[in-house]
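The values are calculated or read from the model by the stated rules, or taken from the named source; none is laboratory data. Computed from a predicted structure; not experimentally measured. Neighbour counts run over all protein chains shown; Cβ positions are idealised from the backbone, glycine included.
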Amino acid sequence: MNGRDAEFTDFVTAHRTRCRRAAYLMCGDWGLAEDIVQQALIKLYLAWPRVRPEGAEGYLRRIIGRTAINEWRSASRRRTVPDDALLELVDESTPLAYEERSALLDALQQLPARQRRIVVLRHCWGCSVAEVAKDLRITTGTVKSQTSRALERLNTILSAQLGTPADPVGTGRNGQP
């Protein structure tokens, strides 16, 4: 294995699980998420000699996001989330009950594609507003407004599904910021 391949293998090893989870959150199907990640990794490998090390993760995020959107646009690609897959999705350290996870994933699938991508990039990948804007080629203001709308919509959907009163966006359970 040459140095280029070793670098690429190390990069993939470090990022594969996160990529798979992000792709799943964007498309709602583990099999399709694997396909999206595989396509993205092939594209990344082909471009690897031209990719700057500090830009590799962002480049991979953009490829995954665009591939997920293309798959999502296909009418035959609307999927439901299998219940047994929910256990794998969220880290065990996240204190969400199974019902809340299921409701959250269902609510995520109800968001428009761009809002879903923004929420996944911001809250799954932990990207900054500027990184999301760069990845999606939109302004930071658009990222902020779409994030706000998406979180408000998720709050409304989850409140209805879980039978709890909706919290205003930006406040906690007690109405405190």
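Can you give me the ranges of the helices (runs of 4 or more DSSP H) entirely in the range 73-177 with at least 3 residues that are at pLDDT 75 or above and polar (S, T, N, Q)?
Numbers: elements: 86-89, 98-110, 113-123, 129-136, 140-162.
Filter on the range 73-177 gives 98-110, 140-162.
Taking residue 31 and the conditions (1) assigned to a helix (DSSP H, G or I); (2) more than 18 Å from residue 134 (Cβ to Cβ); (3) at pLDDT below 85, which numbered condition does it fall short on, given that it satisfies the others?
(3)
From the list 59, 24, 45, which residue is farther than 26 Å from residue 123 by Cβ and surrounded by 12 or more Cβ atoms within 10 Å (Cβ to Cβ)?
Values: 59 fails: farther than 26 Å from residue 123 by Cβ; 24 fails: farther than 26 Å from residue 123 by Cβ.
So the residue among 59, 24, 45 that is farther than 26 Å from residue 123 by Cβ and surrounded by 12 or more Cβ atoms within 10 Å (Cβ to Cβ) is 45.
Out of all the residues in the range 108-143, which are out of contact with any Leu (no Cβ under 9 Å at 6 or more places or on another chain), without any contact (Cβ under 8 Å) to a residue 40 or more places away in the chain, more than 22 Å from residue 28 (Cβ to Cβ) and surrounded by fewer than 18 Cβ atoms within 10 Å (Cβ to Cβ)?
Selection gives 128, 129, 130, 137, 138, 139, 140, 141.
Can you tell me how many residues within the range 144-159 are without any contact (Cβ under 8 Å) to a residue 24 or more places away in the chain and not basic (Lys, Arg)?
Keep residues of the range 144-159 that are without any contact (Cβ under 8 Å) to a residue 24 or more places away in the chain, which gives 144-145, 148, 152, 155-156, 159.
From what's left, not basic (Lys, Arg): 145, 148, 152, 155-156, 159.
Of the residues in the range 144-159, 6 are without any contact (Cβ under 8 Å) to a residue 24 or more places away in the chain and not basic (Lys, Arg).
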